[in-house]
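Each reported figure results from applying straightforward, stated rules to the coordinates on display, with no laboratory input. Keep in mind it's a predicted model, so treat the numbers as computed, not measured. With ideal geometry, Cβ positions are generated from the backbone for all residues, glycine too; neighbour counts draw on all protein chains shown.
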Amino acid sequence: MRKLICIYLLLLISSNISAQGTKDTLESWMSKFYRLANPVLSEDGKWVAVRKRYDIRQDTLLVVDTRKPNIIATTIVLDGSVSFLKNDEVLVYGNRQAEFVDLRSGRILHYDNVVTAYPLSELGKYGILTKDSTLSIYKKDGTLHQQIKKVQGLPVSGDHKKLYVVRENDHTYEIMVASEEGVRRLTSVSHAITNLELLPSGKQLAISGYENGTRKIQLTLVDTGNGKTTTLSKTAASTEDFFKVTEIQEGKSYWIGLYSVEKPENGMVNIWYGNDDNLAAKKSGTRTGRYWFWKSGSDEFREFPNDKYPAMASLNSERYFLAYHLTKGHNFLTLEPQFIDTSVYDVEQNTYRPLGAFKGILYGSPELICSKSGRFVVGSDDGKKWIVLDLENQSKYSIDKAGFQNPVFSSDSQYIFFESEDGVWKLDIRTQILVPTKAVQGKSVKIVNANDYGLLPFSYINTRSLPPNKPILLEVKDRVKNLTSFSLLSGNTVKEIIPFTENRVGNIEYDPNLETFCTLEENYNRSPELNLIKRNGQRQLLLKGSTFDQNVSLLRQEVIRYTSVEGLPLKGVLYYPVNYSPNRKYPMVVHIYQIQSDKSNEYFTPSYNNRDGLDIRTLVERGYFVLLPDTVVGDAGPGLSALDCVNKALDKVSNNRNIDVQKVGLIGHSFGGYETNFIATHSDRFAAYISGAGISDIIRSYFSYNYHYPGPHYWQYENGQVNMNASFLEDKSRYFRNNPIYSAEKVSAPILLWTGKRDENVPWDQTTEFYIGLKRNEKPVIALFYKNGGHALGFNSTEKKDLYQKVLEWWDYFLKNWTNVPWINKQMKQGAL
Amino acid sequence: MKKLILPAALVLMGAGAAFATKMNSGKRVIVDGYRIDAVSGQCVDAEQKCSTNLGLPCTWSEDPSVTLHEAPVTPTMCGNELFKP
């Protein structure tokens, strides 16, 4: 491979080779790198399937017998979904094809014209829906078991045992079920069906659609046991209205919403009011809803009142519901509206009990986590601490400790577990006693195997609980050392499954009994490897990483440490050039975007589809140091803090005599683009800059309407990523001091700006503004405006490839003095334009 | 050693000191990522977390060419594009 790289480098610097030739060689080199990705473990732990993911394709699936490591049992050339059946079989489907492979005999059955496929693992069968609307169910030997023609829409599957199918027959729509007993008609409805959904308990099918040519929308709930139907029929505002049904307590009752979206005004004049709390509607329109309650088996749907509150949500209780306002009082200091006025609605008494406000802690919207029993709800009224509500006793209490996230109920609804940066904490709901579990105190912990079920669309009102009689699988992070481990917590016993490792542990897959686990582990000098781990800790390597990337182990990295002005410990990751010689000096590219040191154990392949403008692997192969310093926003504001962090990181690495401090470039995209813009106006330590999709005028941005996240943008400054923690009015001078455009005249090195003209997040005219500011001050600047680019450039797009090439040429020009680049010379050489 | 058991209301901020030392990577707002399912045409939950912070696109772990979006506006239309958490 080293030879290949040399050829590529040679071509890149040779002026005699056409640009297209250089590009082809580069692409050819890149296309050979791959990584293992997306492992799938069979339920019995006998098999693992893993994808070979190349830069722009991933159509090779490797299947490994876990009893015969390091041997590929089968290779399947098909991108798509992977499902193991019960007895050593695998079904793969995607791209209009399907393959069923008997892993013992190696027999492969191939299907074309496939819409989708269904593994019926419990039955030892599989279904294939083909373009001619025929659903064929095959036995595992490939013989046809059953066939249903005139299938409408997409069948739905339950527990890998049954398939529910809609079949049109003379303007009636039959609901069929294919199961162990064969195919039978469950029921039929007269309305067309646009949506078929099996609710999670499997007790009801929800089918909905419009009567032909009318705005009459119908929802029919079908009892999957006896075929009994109950229909709700309404006149919709438009044919885009839709029903959404969620279960209460595993199918005891159901909550139903009918949603309409009213399009934004589009008349002669659009009037904006200062007291409007739904400014998102100016772009997205207004969503309204009507809501019903249906008790399983009853003949009636009971509509919730909307006289006091316009919206009603399930709390997984058959009696108590959340009544709330969608946007009332939204002050746009947060992206999403918070619930500032809520009540519990008692469906039996038809009464409301005030509950107060709810705010999000981790998520942008308020989070309400409900117990499986339907009795308890956890939420936050201040966005920091959690409160526990007892719906039955009409009581609540506060947990007087901040820093908890993602509460999870035990399956018996008696305890709540909280993730935190200080281990997992357990609350006894009845006694209100909160204790840290023995699991990994002082470390950041996530609960991996919680079951989530959304109770309300477009929201974070969920039931979240642990599976019954199973240990809790925990992912534990040591953020200081960037280590990861996995443990099982059962009662007070903690069993470490994967000890702390410096490797990045990508996917962890596990069987339902948490006996067998498989992981992909990687590092900056190691491509992802597939491992199998048993609960007893026994571990084996199933598949080595990329066989092509032999030289990855030669890569060299160093982690530097420094502190912010506020004393926060920060790190920088320094990658060494390949074939580094201590007797040479090398140029360096510095990339900034908030905290990056957590990426120190990421495996990088050369690719157009890496982060826009940054391909670490190619840069080190081409003789650059690459530095990723952490930056944080401190009291001084986002720009000045980033400048301080970058200066400290540069001070640290300047001890390295192999870095040519006269040849250092700075690059950033998005928030990193803003940081780059700012640093360019305040630093003389860089020889060149590249800034992509970066804000140049934070005050104009603060007072803008953002069309990506529709609404006033000041939330991002006061309470979001920019982290000013003050309004413009409260601290004008800090906004002024951190605004790049106000110091455009101080830029002391050439800068390449780029933006996508479809970027509604950081609008492209922020780039234009900086360009104009620099031009006015006669600074060397080139701006690239990609007509079809968004905030980032499209995957594998020509724009992405163009930027990639230009970025490499920009660094070579200014950091290596390779000045034979016509498009740069037009700016840099007098008279060349 | 006696087990530490404190009523919720009595747990004070002492242990909060541990939180204060954590690395602050800027404020993050986490959201669920959705994608258009190629077969059904429906906007479905990708079962992945994304962010509303400015940055790189949040892509589907199963296929990095697919960008994830906010919750659906209608069953067949996902919301705005999201960014890496």
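Numerical summary
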| item | result |
| --- | --- |
| Inter-chain shielding of B:61-67 (mean C-beta neighbours from other protein chains, 10 Å cut-off) | 6 |
| Quotient of C-alpha Rg and 2.2 N^0.38 Å, computed over the protein assembly as shown | 0.98 |
| All lysines inside 21 Å of residue A:244 as judged from Cα atoms, apart from same-chain residues fewer than 8 positions distant | A:203, A:216, A:228, A:234, A:252, A:263, A:295, A:372 |
| 3J(HN,Hα) from dihedral phi, the range A:777-792, Karplus parametrisation 6.51/-1.76/1.60, rounded to Hz, x for glycine, proline | 9, 6, 9, x, 9, 10, 10, 10, 10, 8, 4, 9, x, x, 5, 10 |
| Cβ-based net charge around residue A:174, under 11 Å, with every Lys or Arg adding one and every Asp or Glu removing one | +2 |
| Nearest-20 debye value, the protein assembly as shown charge dipole, Cβ charges on Lys, Arg, Asp, Glu | 2020 debye |
| Estimated FRET transfer efficiency when R0 is 35 angstrom, pair residue A:56-residue A:276 (beta carbons, to 0.05) | 0.20 |
| Charge-dipole axis of chain A as Lys and Arg at +1 and Asp and Glu at -1 on Cβ define it, positive-most pick from A:575, A:429, A:179 | A:575 |
| Whole-Hz couplings from phi, Karplus 6.51/-1.76/1.60, listed for the range A:391-405; x for Gly and Pro | 5, 6, 7, 6, 10, 8, 9, 9, 9, 7, 8, 8, x, 8, 9 |
| Percent RCO, i.e. relative contact order, over the range A:557-828, from Cα pairs under 8 Å lying at least 6 residues apart | 17 percent |
| For residue A:356, distant residues with modelled amide H under 5 Å away | A:342 |
| DSSP bridge pairs, the protein assembly as shown: antiparallel proportion in percent, nearest 5 | 85 percent |
| Reachable aspartates and glutamates, given that their alpha-carbon falls under 18 Å from the alpha-carbon of residue A:746 and they are not under 8 places away in the same chain | A:644, A:675, A:684, A:697, A:769, A:778 |
| Histogram of C-alpha separations across the range B:28-85, 10 Å bin width, % | 30, 57, 13, 0 |
| Taking the range A:578-708 and dividing mean pair separation by its residue count, relative contact order in percent (alpha carbons under 8 Å, at least six apart) | 28 percent |
| Rounded to whole Hz, the Karplus (6.51, -1.76, 1.60) HN-Hα couplings of the range A:445-455, x for glycine and proline | 10, 10, 8, 8, 9, 7, 9, 10, 9, x, 8 |
| Shielding by other protein chains, B:46-56, mean Cβ within 10 Å | 6 |
| Peptides ranked, highest mean first, by Cβ atoms within 10 Å: ranges A:627-634, A:221-228 | A:627-634, A:221-228 |
| Partners for residue A:396 among aspartates and glutamates (Cα-Cα distance below 20 Å; same-chain residues under 8 apart left out) | A:318, A:341, A:346, A:367, A:381, A:382, A:412, A:428 |
| Approximate spin-label separation residue A:70-residue A:823, in nm, with each point projected 7 Å along Cα-to-Cβ | 4.7 nm |
| For chain A: relative contact order, % (alpha-carbon pairs under 8 angstrom, 6 or more apart) | 6 percent |
